[in-house]
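What follows is calculated from the coordinates using simple rules that are stated; it is not laboratory data. In this text the structure is predicted, and so the values were computed from the model without any measurement. When we count neighbours, we look across all protein chains shown, and the Cβ atoms used for this are built from the backbone with ideal geometry, even at glycine.
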Amino acid sequence: STTPVKVAVTGAAGQICYSLLFRIASGSLLGDTPIELRLLEITPALPRLEGVVMELDDCAFPNLAGVEIGDDPEKVFDGANLAMLVGAMPRKEGMDRSDLLGANGKIFTGQGKALNKVAADDVRILVTGNPANTNALIAKDNAPDIPDDRFSALTRLDHNRAKSMLAKKLGVNVGEVTNMTIWGNHSNTQFPDLFHTKVGGKNAYELVNDEAWYENTYIPEVAKRGGAVIKARGASSAASAANATVEAMHDWAVGTPANDWVSMSVVSDGSYGVPEGLISSFPVTCKDGKYEIVQGLDLNDFSKKKIAATVDELTKEQGEVREMGLI
Ligand code: NAX
């Protein structure tokens, strides 16, 4: 029999995980490969998490080989092959971005250290909790023994939103849209790039043929979609964030389709002028558990300016967390 793949998930009693855990356990992550869930929460949320585990039991998923829960990252992450870091503190009223960086920064220093100590040699770590890119940077810096290319942050939800909004505009099925790229930070500065996107194999920017819509409607609406969901639903994106998290990890572990790529925030190797070491979103292909940044895309002046702005924001966040002593 096969040893189950150990999948660690944090923030397991939260709203994203209420969808994510069931997608993982039902096979969206690794098909019918047996998995063991290792679920981390803060102490006061453990009773609630026990309720979620009861529901996992009640699904009778045949490939769910076991579930462990706890509030100690060193125990929960022990032997983890895949880790999805979803748990973070939401921004509360009166908190600015740097307060959030500080509060969540502490979570990711501790979890980075714990992963460094106890995770499996092949561990792959995906950060969904916000600010995702900089949280991933903090975790990476606190895990010196884990190779840099095992860390990523989630920009797949932005990628999916961008595909869907483009398909609507053009009146096509979203399955026709390929080669979408989100560049930069998972924030309002992100840059969804239509210049390399294809729709039914044709250039998306040319098909849209509406510069004003691209610049003034599409780009801001993709970036601010999360806010629009909060306004409509009274709660932040959960099922779509879970879907993006499971798809991102699936593609990383299993591979991207031929002739397409996905957006992942990964450690920059200096590609496209993004400073080395930042965790920034790029077009990537994945195969056998490894990703590669797509090379050789031509960037026009508009794209270069947009990418410079979002990368600049990441550089500032890096500076802030460095000043706080988190990296
Ligand atoms: P919830 O507040 O519903 O759940 C978060 C859970 O994390 C809570 O149960 C909390 O107890 C737990 N938690 C807090 N500190 C923890 C720690 N140190 N260890 C383990 N667990 C801890 O939030 P939810 O809606 O599930 O969102 C989770 C995170 O995803 C938030 O940071 C949110 O901003 C972020 N998002 C990221 C997105 C992305 O595309 N990258 C989109 C969706 C979402 O906004």
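A few points about this structure:
- Antiparallel DSSP beta bridges within the chain, percent to nearest 5: 45 percent
- Rel. contact order, % - alpha carbon contacts under 8 angstrom, at least six apart, region 156-317: 26 percent
- Separation of alpha-carbon centers, region 262-307 and region 14-31, rounded to whole Å: 28 Å
- Three-way shape label, region 182-266, alpha-carbon gyration tensor, a/c 1.5: oblate
- In the chain, the longest principal axis of the Cα atoms and the axis of helix 239-254 are about 90 degrees apart.
- Between Glu176 and Asp32, the C-beta separation translates, for a Förster distance of 22 Å, into a calculated FRET efficiency of about 0.15.
- Note, ³J(HN,Hα) from phi for region 90-106, Karplus 6.51, -1.76, 1.60, rounded to Hz, x at Gly and Pro: x, 5, 9, 4, x, 8, 9, 4, 6, 4, 5, 4, x, 5, 6, x, 5
- Placing unit charges on each Cβ (+1 for Lys and Arg, -1 for Asp and Glu) gives the chain a dipole about its Cα centre, and among Asn142, Ala60, Val267 the Cα reaching farthest toward its positive end belongs to Ala60.
- Structural descriptor for region 83-210: relative contact order 18 percent, calculated from alpha carbon pairs under 8 angstrom and at least 6 residues apart.
- Summary value for the chain: 17 percent relative contact order, contacts being C-alpha pairs under 8 angstrom separated by 6+ residues.
- Under the shape rule built on the C-alpha gyration tensor, where the axes satisfy a ≥ b ≥ c, region 156-317 is rounded, since a/c falls short of 1.5.
- Global geometry of region 5-153, whether rounded, prolate or oblate, following the gyration tensor of its Cα atoms and the 1.5 cut on a/c: oblate
- The chain, helix-only ellipticity at 222 nm - DSSP H runs n ≥ 4, -39,500 (n - 2.57), divided by all residues, nearest 500: -13000 deg cm²/dmol
- Modelled FRET efficiency - R0 35 Å, Lys106 with Glu206, Cβ distances, 0.05 increments: 0.15
- R0 of 25 Å, Cβ-Cβ distance Arg91-Asp122: FRET efficiency to nearest 0.05: 0.15
- Separation of the Asp149 and Ala239 label points, Cα + 7 Å toward Cβ, nm: 3.7 nm
- On Cα atoms only, tilt of 301-323 relative to the major axis of the chain in degrees: 30 degrees
- Using Cβ point charges alone (K and R +1, D and E -1), the dipole size of region 156-317 about the Cα centre works out to roughly 580 debye.
- Charging the Cβ of each Asp and Glu at -1 and of each Lys and Arg at +1, and nothing else, the dipole of the chain about its Cα centre rounds to 640 debye.
- Close amide H partners of Glu68, meaning residues 5 or more places away or on another chain with modelled amide H under 5 Å apart, are Leu37, Arg38, Leu39.
- Taking amide H as placed 1.01 Å from N in the peptide plane, the amide H of Val127 sits under 5 Å from that of Leu85, Ser152, Ala153, Leu154, each at least 5 places away or on another chain.
- Environment charge at Ala13 (Cβ cut-off 13 Å; Lys +1, Arg +1, Asp -1, Glu -1): -3
- For region 109-168 versus region 171-250, the gap between their alpha-carbon centres in whole angstrom: 20 Å
- Relative to the Cα centre, the charge distribution of region 5-153, modelled as +1 at Lys and Arg Cβ and -1 at Asp and Glu Cβ, gives a dipole magnitude of about 380 debye.
- Rounded tilt (10° steps) of 15-26 against the dominant C-alpha axis of the chain: 80 degrees
- Between Met264 and Phe282, Val284, the built amide H atoms are under 5 Å apart, and every one of these is 5 or more places off in sequence or on another chain.
- Neighbours of Pro220, meaning other residues whose beta-carbon lies under 13 angstrom from its beta-carbon, give a summed charge of +1 when Lys and Arg score +1 and Asp and Glu score -1.
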